[in-house]
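In what follows, a structure is listed as structure tokens, so that the remarks can point back to it.
The values are calculated or read from the model by the stated rules, or taken from the named source; none is laboratory data. For clarity, every value in this text was computed on a predicted model and none was experimentally measured. In this analysis, Cβ positions are derived from the backbone assuming ideal geometry, glycine residues included, and neighbour counts consider all displayed protein chains. Ligands, DNA and RNA are stripped out before the accessible areas are found, and what is left, the full protein with its side chains, is counted by its heavy atoms. Shrake-Rupley method; radii C 1.70, N 1.55, O 1.52, S 1.80 Å.
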Amino acid sequence: MEENKPHKRRVHYSGAYPKRFEEKYKEQNPEKYKETVEKVISKGSTPAGMHIPIMVGEILSFLDIKPGQIGLDCTLGYGGHSSKMLEKLEGEGHLYALDADPIEIEKTRARMEEKGYGDDIFTAINTNFRNIDEIAGTYGPFDFVLADLGVSSMQIDNPERGFSYKTDGPLDLRFNPEKGESAAERLASLSREEMEGMFVENSDEPYAAEIAAEIERALRRGDKIDTTTALREVIERALTTRVPEVKRMNRKDREEAVHKSCARVFQALRIDVNSEFEVLYEFLEKLPGALKSGGRAAILTFHSGEDRLVKKSFRQLERDGVYASIAKDVIRPSKEECFRNPRAHSTKLRWAVKA
């Protein structure tokens, strides 16, 4: 006889539409509530717990995937790009996919199985793409490789992951919350000079000195900066009390300045906590060895620091004869795509073909 399981009620919300992540149960069930998800996307928003793949057409056009080929998606995420690449394989060949996030990879693996992509054609591996040499040694070399360096919307939208200053949550910011220091722990260990340097180097923050000084003052006072809200409040206090030009702004401009600095500081912290530049540099060095002769690699970047590293690596390796050809100019998403998906605005695509 089956046990009677207690009925679990959905989270109730006030107003006509849900605002908090945990209340958006329809958006987090796209298979069941397709109409709701389509409405959210049509308004230029990303449904909660979902990630809309960027520049799919441009990527597929360049990769020119053929049935029977072996490919690698270095950043699986929600599986949007992987699904489209698997369609091109038409049931022949294999796609391997990496993700450092142990939480999201299990959700995506299940999602891909539901779509019919089993072990015979698709394999998801929980590892950082800096380990591409180990993956290629076991499963490669590859005909095509994709690396989408953007943070998944599932991570940004979930307050428990601490990626966004817009919602309250633990100040974590790790792609893999089971390894390394959280952003809160990292901040507490840095000197004012180190913080300032990180904000400048990782996100070109113009008020890095003032923000670093305010964080140092708060920590010395014994304040805890272990939530996204706590850090946002410190940044706001730094700009509105320490920066004369911000103090003189009208309310709307002042709020906009605070928002932009929050976005840059959170980006800088995320890059530092996850060693993103070091990981990318290592990946770019190892990438040619993971490709077959004539193999194609496409990389999506989302801020200038990433794009500079990719451009420099591709150009140098083309001069050295490692790559037969590279994208001479950066490729950007269309205006239509940016309207449908505002998170595509800062995207840049570069590609290379191995000699």
For region 271-330, which residues satisfy the criterion of being among the small types (Gly, Ala, Ser), assigned to a helix (DSSP H, G or I) and within 25 Å of residue 344 (Cβ to Cβ)? 304, 305, 313
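Here's the yes/no breakdown for (1) in contact with a Ser or Thr (Cβ under 7 Å, 6 or more places away or on another chain); (2) among the basic types (Lys, Arg):
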{"site": "285", "(1), (2)": "no, no"}
{"site": "315", "(1), (2)": "no, yes"}
{"site": "330", "(1), (2)": "no, no"}
{"site": "333", "(1), (2)": "yes, no"}
{"site": "351", "(1), (2)": "no, no"}
Would you list the helices (runs of 4 or more DSSP H) that sit entirely within region 154-254 and hold 2 or more residues that are crowded, with 16+ Cβ neighbours inside 10 Å and touching a residue at least 40 places away in the same chain (Cβ under 8 Å)? 183-189, 192-203, 228-242
Going residue by residue through region 30-44, is there one that turns out to be at pLDDT below 90, under 19 Å from residue 164 (Cβ atoms), within 18 Å of the chain's Cα centre (by Cα) and open to solvent by less than 20 Å² (accessible area, probe 1.4 Å)? no
Residue 145: open to solvent by less than 40 Å² (accessible area, probe 1.4 Å), part of a loop (DSSP other than H, G, I, E, B) and on the phi < 0 side of the Ramachandran plot, yes or no? no
Restricting attention to region 166-184, does a residue exist that is modelled with pLDDT of 95 or more and more than 18 Å from residue 268 (Cα to Cα)? no
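Across region 291-310, what is the total count of residues that are aliphatic (A, V, I, L, M) and open to solvent by 10 Å² or more (accessible area, probe 1.4 Å)?
Qualifying residue count for the region: 1.
To keep it simple, each residue is scored yes or no on (1) open to solvent by 30 Å² or more (accessible area, probe 1.4 Å); (2) touching a residue at least 40 places away in the same chain (Cβ under 8 Å); (3) touching a helix residue (DSSP H, G or I) at 6+ places or on another chain (Cβ under 8 Å).
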site	(1), (2), (3)
55	no, yes, yes
58	yes, yes, no
63	no, yes, yes
74	no, yes, yes
90	yes, no, no
95	no, no, yes
